[in-house]
Each structure stands twice: as structure tokens, then as C-alpha cells.
Amino acid sequence: MPDLPSAVLFACTMNSIRSPMAEGILKFLHGGRIYVDSVGVHKIEINGFCVTVMDEIGIDMSQHKPKSFDDLEDSFFDLVITLSPEAQHKAVEMTRVMACEVEFWNTFDPSIIESEDRETVLDAFRTVRDQLMERLKDRFPLTTVADT
């Protein structure tokens, strides 16, 4: 197994789409091997389109409770991955006195898609989900029993 961080925090602007997606995907890929959490600079309820597209790949996000940086109980993360410029600024500020890496993955916000067509909006959310899945598989590689 490659060296994996023990605790990862994902952060975006509202903790309603991108960071919950990343949290859900990493938990799905690595289970309990990595502690994973997510926050936003602000918090609003999880976006229904996020719940829908994650459910399509077998990840239930319906119970996600949005949090902001101020809601964090601990700051024991080895790695903070920010998905928006606002979150990047907040994470850099938070980690000034922490031994913690910060990575910036500028990720499109699918909520800005304005369309009357539900499929168009869902496709934007699916694109972000799929891009996060690939990036997370690359950053946190999976190994098989034969590899160990």
C-alpha cells in the first residue's frame, strides 16, 4: 500500500457539492484507511443534484451535514485539499501553525450552470464527480492483494 495520509480534509466554498463529493468518493475508495472530512468557507444544505449523481455510483450523500471551517472540532489533518479559490485562502490561513500540506485542485462549480434542462445540469454535476473520481484515484492509488 502506498503511503497514505491518515487524515484528509476537503474544502470548497459552501460544502454542498464539490467537497462532499470528494469526501464521499475518498471514503468509498479507501474506507476506514483514511479519516476523511469536508468543510466550506460557508455552509448550506447539500445540493440535491449532488445527492443524485453520487447515488448513481452507489455513494449515499443524503445524510451529509454541511460544516464550515469554524465547525471543525480538530485540526489534525495531514492534508487539506481545496477545491475553490476561497477555500484555498481559508485553508492557508488555518494551516499557518499546523504541520499540514495544502493542495489546490481548482474544481468547476456545477451550480453555476443555468439551464431549464435537468439533464444538462446533471451532466455538469456528473462531469465534476467523474473528474474528482479520477483525480482521487491518481492521488490516493488503490492496490490489490497481489500488489502487497
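Every number in this text was worked out from the coordinates using simple rules, so none of it is lab data. This structure is a prediction, so every number in the text was calculated from the model and none was measured. Please note: Cβ atoms are built from the backbone with ideal geometry, for glycine as well, and neighbour counts cover all protein chains shown.
Things worth noting here:
- Put a dot 7 Å past the Cα of GLU103, heading toward its Cβ, do the same for THR120, and the two dots end up 3.4 nm apart.
- In the chain, taking the dipole from charged Cβ atoms about the Cα centre, the farthest positive-side position among PHE76, VAL39, GLN88 is held by PHE76.
- More than 26 Å apart - percent of Cα-Cα pairs taken over the chain: 22 percent
- For the stretch 7-147, the share of DSSP beta bridges that are antiparallel, to the nearest 5, is 0%.
- Mean ellipticity per residue at 222 nm, deg cm²/dmol - from DSSP H runs of n ≥ 4 across the chain, formula -39500 (n - 2.57): -11500 deg cm²/dmol
- GNM flexibility winner over the chain from LEU132, LEU72, LEU83 (Cα, springs under 10 Å): LEU72
- Within the stretch 9-42: backbone nitrogen closer than 15 Å to the ASP78 label point (7 Å, Cα to C-beta): 9-10, 27, 30-37
- Calculated FRET value between LYS65 and TYR35, using beta carbons and R₀ = 25 Å, to 0.05: 0.95
- Size of charge dipole - the chain - debye, nearest 20, with Cβ of Lys, Arg +1 and Asp, Glu -1, no other charges: 240 debye
- Rel. contact order, % - alpha carbon contacts under 8 angstrom, at least six apart, the chain: 29 percent
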